[in-house]
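Quick notes on the structure that follows.
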Amino acid sequence: VPPGAQPHHSEQVVSFTGPLEGAVAALQTIATHIVRVCREPWFEHWVFNSSCGVEIPGFVLPMDRNVASQRAMCKVTQSLITSVQALGDQLQHLRSRLVERMTTLGINPNVDASELSQAEMNLQYAIALQAGAHQSLVGNAMVASTAAAAAAGAGNNVLIAVKLLMSVPEATALIGLDATTLQQIQGNTSTSMRLSEAIYPGTELLELTIQGMAKEAVFLALMHVTTVVVDLCGSMGSGDDHCDKGCLRMKLILPAKAAASVIGVGGQSVKHITTQCNVRIQVDHTPIPAGPGGSEQALLLAGTLTACQNTLPHILEHVGLIATEKDLVAWAAHTNTGTPIPGLILFAGNPTGKGRKPKHDRGP
């Protein structure tokens, strides 16, 4: 648009349909292409000009041709909205009943999670979320935006992505009773997140994909995620029972080249990181196929919450180096969750791993 010869400010419509998580990945891909041309001299002219109100005889967009179908879809959408609102009312009623039940049983919401049954743990998550345990994170939106803007200004417009493995209780705590916690973190850090419905092969864990256009944004998102989980669950063991209170045993999935870069030649890089940050880092020896020509590996980061958070920028630095060499868009969109890999058990074959084991970590 407009038809005929295509000056620089002409435009075309891109349409895609599919699951929401697929649409998010598609939008991320589109964004990377827009970033590549945003400094062209014609781009500003295109931004500040609109084709709205311009009549083009005979021109109809493909998605506008079946008006009846559109109206039917609107009715379905409205029905879904009504159903979701009703479900929200039911959840609120259920929460009130759970709170009453907890009071009757004399359960203290602040008790150590290890002393609670699974049902009581889920109730503790709900009450803690409603009490606003994660509100201390809300004020960091300006920091995330500033960091991302600084990175963009420096020309660091490459997609950075990591995948975090989480247990079901940890994911439940992160999502929040009303499903707003995860949305709030994404908005505060200018990142996109996708939580899998299926488990990652070789584990009983869900996969949370975190991606953004700057290392700083992804780092802040990981800071938010780990802080929320530790606040509500006491620790973040990623399926491991032997994790002290206030500590992490984070299981990250990285592109295989990034995992190798973290270890470094002769293990020098990982030795420097573990010594400097007082953590333990272990990379599973099994590369897992991740789309055409790609593979990924699991990395275990163990230590206190503060120590692990201080380590994340070092790990993301290696991810960033790989991202500048090879676009991570396809890898970020790919997932191995729900794919059976016979015989695979993460971290089963290399229990000692790489790096130093802190005194507080009682894991294998």
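Observations
- A 1.4 Å probe run over the protein chains yields, for the stretch 176-280, 35 Å² of accessible area per residue, whole-number rounding.
- Protection proxy ranking of 41-53, 275-287, 314-326, 164-176 - average other beta-carbon atoms within 10 Å, highest first: 164-176, 275-287, 314-326, 41-53
- Share of carbon and sulfur in the accessible heavy-atom surface of the stretch 164-241 [1.4 Å probe, %]: 52 percent
- Stokes-Einstein D for the stretch 165-320, Kirkwood Rh over Cα pairs, 25 °C, 0.890 mPa s (µm²/s): 155 µm²/s
- Highest mean first, the peptides 200-207, 231-238 sorted by other C-beta atoms within 10 Å per residue fall in the order 231-238, 200-207.
- The slack in the chain from HIS334 to THR17, taken as 0.36 nm per residue of separation less the alpha-carbon distance, amounts to 112.4 nm.
The values are calculated or read from the model by the stated rules, or taken from the named source; none is laboratory data. Nothing here was measured: the structure is a model prediction, and the numbers come from that model. Positions of Cβ are generated from backbone atoms using ideal geometry, with glycine treated the same way; all protein chains shown enter the neighbour counts. For the accessible areas, the whole protein counts, side chains as well, though only heavy atoms, and no ligand, DNA or RNA atoms are used. Shrake-Rupley method; radii C 1.70, N 1.55, O 1.52, S 1.80 Å.
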